[in-house]
Amino acid sequence: MLIKKGAEANLFLERWHNKKVIMKQRFPKKYRLPEIDERIRNYRTIHESQLLHHAKEAGVSTPMIFLVNLKDSNIIMEFIEGKQVKQILNKLSFKERKHLCRQIGELIGQLHYSGVIHGDLTTSNMILTRNGNVVFVDFGLGEKSVELELRGVDLHLMKRAFQSTHFLHAEECFKAVLEGYAKVVGDEMTRVISRKIIEIESRGRYISERRKVNNDLSSKG
Amino acid sequence: MPKFCLGIEATADDFSVGILDFNGNVLANVISAFIPKMGGIHPREAARHHGKVVGQVISTAFQEAHVKPEKLALISFSQGPGLGPCLRTGATAARALATYLDIPLVGVNHCVAHIEIGKLATGAKDPVTLYVSGGNTIVSAFEARYYRVFGETLDIAVGNCLDIFAREAGLHQRAGMPLGAIVEKLAEEGNELVDLPYCVKGMDLSFSGLLTAAIRLFEVRQYRLEDLCFSMQEIAFSMLTEVTERALAHTEKREVLLTGGVGANKRLQAMLRTIADEHDSRFCVVPKQYALDNGAMIAWTGILAYEHGKIIPVEKSFVRLKWRLDEVEAPWVGG
């Protein structure tokens, strides 16, 4: 049964060996050339399964993988019962929201600390289970890296997700994420990353702070 | 008595004046493009061009629209984002007209105008918009008073990427034939895919690596220019389509709007139509005459803003070079 038609893959809820499972199927995309399409689907299917595993090693809950089928570009994995953070975040109280965002920040910190970049940190890709655990899903755009730049982009995407989907609470949410993040990677590293995020954002179009940031960066060498 | 608005667009290389009535009928849309002899747009030279043609373009617009200056109710102008000297030239003309005719002045955000003209021309109500041009690459959708940016380029715009490559490859822009159109034509003759970097970060994009790689491959002279153009388009447009689809899946809107100069590209249109169909959404593409920078879109957005009281006094009508799409409150959008 199709439960989510994503941009990249479709998710099916199936029974498989008497288990409730998710089959993540990357269908061919008709809009792009078959060469490009195959390259992307193959790459992402392999990397996603590897990263789901690396994330577990980092202490971040992710769905259990049961089967990776490269020929059909699909992954069969555990079905996680719970609610998307996207659906509940705006409904929480200030305190609950702060708590949840800190928890998310800690988990992102653990991923980064272990050299895992999620690649698509949005609140749709986090599931809050009944016992209060946050499970990260969809590592299709992720990669293994310890580069500061990629960590910065990862957090920038999280910030952008708050700004577009949770705009009323964007600032407090991202602040709490960084607080949680700092608990894992330390204050100094978080300061370095925060500066990196500003630098990344200042490369974008029409950032009024661009000139100021560039001056700051060059004066600091 | 019908009311009319005159809009002045001068953010980059095009100087354009549009005249619309308040029902959204375009009565004139005159565009004068600055075509550099070599290289890209030099802001000062573009502004000099605008200064030279401003009188002619405005009077042609009045003639085409059969509207007398005294009949205007409103002047609007592109207040940003864009190149400083160009914006100031347009703003100066707008202030002069508004002061002389003693009518209100409205400053319009150029990116909002591209979306609004797309909605007016296609009837789209609440789309996910892909706005692609030489200066911008933005995926946005309206949520609670603002056009929210879901994804955008982290470095250069897709049109800029294609333009710079074309210039490096020795191609020249001609009147009525922008570089993007020349690349599109060459790409139709290409068929061999050259390996180039595909760079999507969530819903954000990066084109600078693609550009550098393509220029390097051109310089080794082992590939046909047609194949390079073809591959650049295929890779860049696949990236754009992927992030637009991601925004569509995320927002669950029922319309996809393609707007901006690169929106005139047939291959990009075909790709976006495919994903719109897959998500049971309506695909809308801005007609060619409103894809490039134009005065009509500024006039129309000026009318929408004016009807919500957003007029600005001349002494506060400074241009805003880095005015972001998501900084503009848009009370005229329902929902």
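The values are calculated or read from the model by the stated rules, or taken from the named source; none is laboratory data. Everything numeric here is computed off the predicted structure, so don't read it as measured data. In this analysis, Cβ positions are derived from the backbone assuming ideal geometry, glycine residues included, and neighbour counts consider all displayed protein chains. To get the accessible areas, we keep the full protein, side chains included, count just its heavy atoms, and leave off ligands, DNA and RNA. Shrake-Rupley method; radii C 1.70, N 1.55, O 1.52, S 1.80 Å.
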Neighbours by Cβ (under 8 Å, 6+ apart or cross-chain): first from segment B:250-274, within 13 Å of chain A (Cβ to nearest Cβ) and more than 23 Å from A:Ser164 (Cβ to Cβ); second part of a loop (DSSP other than H, G, I, E, B) and open to solvent by 30 Å² or more (accessible area, probe 1.4 Å): B:Thr274/A:Lys30
B:Glu152 vs. criteria open to solvent by less than 30 Å² (accessible area, probe 1.4 Å), in contact with a strand residue (DSSP E or B) (Cβ under 8 Å, 6 or more places away or on another chain) and of a type in the set (Asp, Glu): yes
Within segment B:133-155, considering residues that are polar (S, T, N, Q) and in contact (Cβ under 8 Å) with a residue 60 or more places away in the chain, the one farthest from the other protein chains (Cβ to nearest Cβ): B:Ser133
From the options B:Ser76, B:Ser32, residue that is in a strand (DSSP E or B), closer than 23 Å to B:Lys310 by Cβ and touching a strand residue (DSSP E or B) at 6+ places or on another chain (Cβ under 6 Å): B:Ser76
Can you find even one residue in segment B:120-129 that is more than 21 Å from B:Leu272 (Cβ to Cβ) and either touching a helix residue (DSSP H, G or I) at 6+ places or on another chain (Cβ under 6 Å) or of a type in the set (A, V, I, L, M) (or both)? no
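For segment A:199-216, indicate whether the set of residues that are at pLDDT 95 or above, within 13 Å of chain B (Cβ to nearest Cβ), assigned to a helix (DSSP H, G or I) and open to solvent by 10 Å² or more (accessible area, probe 1.4 Å) is non-empty. Steps first, please.
Quick first cut of segment A:199-216, residues at pLDDT 95 or above only: none.
So far as segment A:199-216 goes, no, none of its residues is at pLDDT 95 or above, within 13 Å of chain B (Cβ to nearest Cβ), assigned to a helix (DSSP H, G or I) and open to solvent by 10 Å² or more (accessible area, probe 1.4 Å).
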Within segment A:154-162, can one find any residue that is within 12 Å of the chain's Cα centre (by Cα), crowded, with 17+ Cβ neighbours inside 10 Å, more than 30 Å from B:Leu325 (Cα to Cα) and more than 9 Å from chain B (Cβ to nearest Cβ)? no
Kindly provide the set of residues from segment B:35-73 that are in a loop (DSSP other than H, G, I, E, B) and under 22 Å from B:Pro178 (Cα atoms), ordered by number. B:Ile35, B:Pro36, B:Lys37, B:Met38, B:Gly39, B:Gly40, B:Ile41, B:His42
Search segment A:64-81 for residues being touching a helix residue (DSSP H, G or I) at 6+ places or on another chain (Cβ under 7 Å) and among the β-branched types (Val, Ile, Thr), and hand back the single one that is nearest to A:His54 (Cα to Cα). A:Ile65
How about segment A:82-166: which helices (runs of 4 or more DSSP H) wholly inside it have at least 2 residues that are in contact (Cβ under 8 Å) with a residue 12 or more places away in the chain and under 25 Å from A:Asp187 (Cβ atoms)? A:94-113, A:148-165
Scanning segment A:114-153 residue by residue, those more than 11 Å from every other protein chain (Cβ to nearest Cβ) and open to solvent by less than 10 Å² (accessible area, probe 1.4 Å) turn out to be A:Gly115, A:Val116, A:Met126, A:Val134, A:Val135, A:Phe136, A:Phe139
With A:Arg97, A:Arg102 as the choices, which residue is modelled with pLDDT of 95 or more, in contact with a His (Cβ under 8 Å, 6 or more places away or on another chain) and not assigned by TED's automatic domain parsing to the domain that holds A:Gln25? A:Arg97
Residue tally, condition farther than 21 Å from A:Leu121 by Cα and of a type in the set (D, E, K, R), over segment B:214-252: 7
Flag if A:Asn69 is within 14 Å of chain B (Cβ to nearest Cβ) and either crowded, with 21+ Cβ neighbours inside 10 Å or not β-branched (Val, Ile, Thr) (or both): no
Restricted to segment B:291-335 and to residues being closer than 18 Å to B:Lys125 by Cβ, open to solvent by 10 Å² or more (accessible area, probe 1.4 Å) and of a type in the set (Gly, Ala, Ser), the residue farthest from the other protein chains (Cβ to nearest Cβ) is B:Gly334
When residues of segment A:29-56 are limited to those that are touching a Ser or Thr at 6+ places or on another chain (Cβ under 6 Å) and within 14 Å of another protein chain (Cβ to nearest Cβ), the one surrounded by the fewest Cβ atoms within 10 Å (Cβ to Cβ): A:Lys30
Go through (1) over 30 Å from B:Glu45 (Cβ atoms); (2) open to solvent by 10 Å² or more (accessible area, probe 1.4 Å); (3) part of a strand (DSSP E or B) one by one and return the number of the condition B:Lys119 breaks. (3)
So, in segment B:5-29, exactly how many residues are part of a strand (DSSP E or B) and open to solvent by less than 30 Å² (accessible area, probe 1.4 Å)? 14
Of the candidates B:Pro81, B:Pro43, the one satisfying the condition of being in contact with a Pro (Cβ under 6 Å, 6 or more places away or on another chain) and under 20 Å from B:Asn294 (Cβ atoms) is B:Pro43
Of the residues that make up segment B:35-56, is at least one modelled with pLDDT of 95 or more, on the phi > 0 side of the Ramachandran plot and outside the structural domain of B:Ala169 (by TED's automatic domain parsing)? no
If you check B:Lys125 against the conditions, is it open to solvent by 40 Å² or more (accessible area, probe 1.4 Å), at negative phi and away from every other protein chain (no Cβ under 14 Å)? yes
Counting only residues that are modelled with pLDDT of 95 or more and open to solvent by less than 60 Å² (accessible area, probe 1.4 Å), which one in segment B:278-290 is farthest from B:Val57 (Cα to Cα)? B:Ser281
Restricting attention to segment A:163-184, which residues are over 15 Å from the mean Cα position of the chain (by Cα), open to solvent by less than 10 Å² (accessible area, probe 1.4 Å) and among the aliphatic types (A, V, I, L, M)? A:Ala176
Restricting segment B:57-83 to residues that are more than 30 Å from B:Ala169 (Cα to Cα) and within 14 Å of chain A (Cβ to nearest Cβ), the residue that is modelled with the lowest pLDDT: B:Gly80
Hits in segment A:60-107 - residues which are closer than 27 Å to B:Ala144 by Cα and acidic (Asp, Glu): A:Glu96
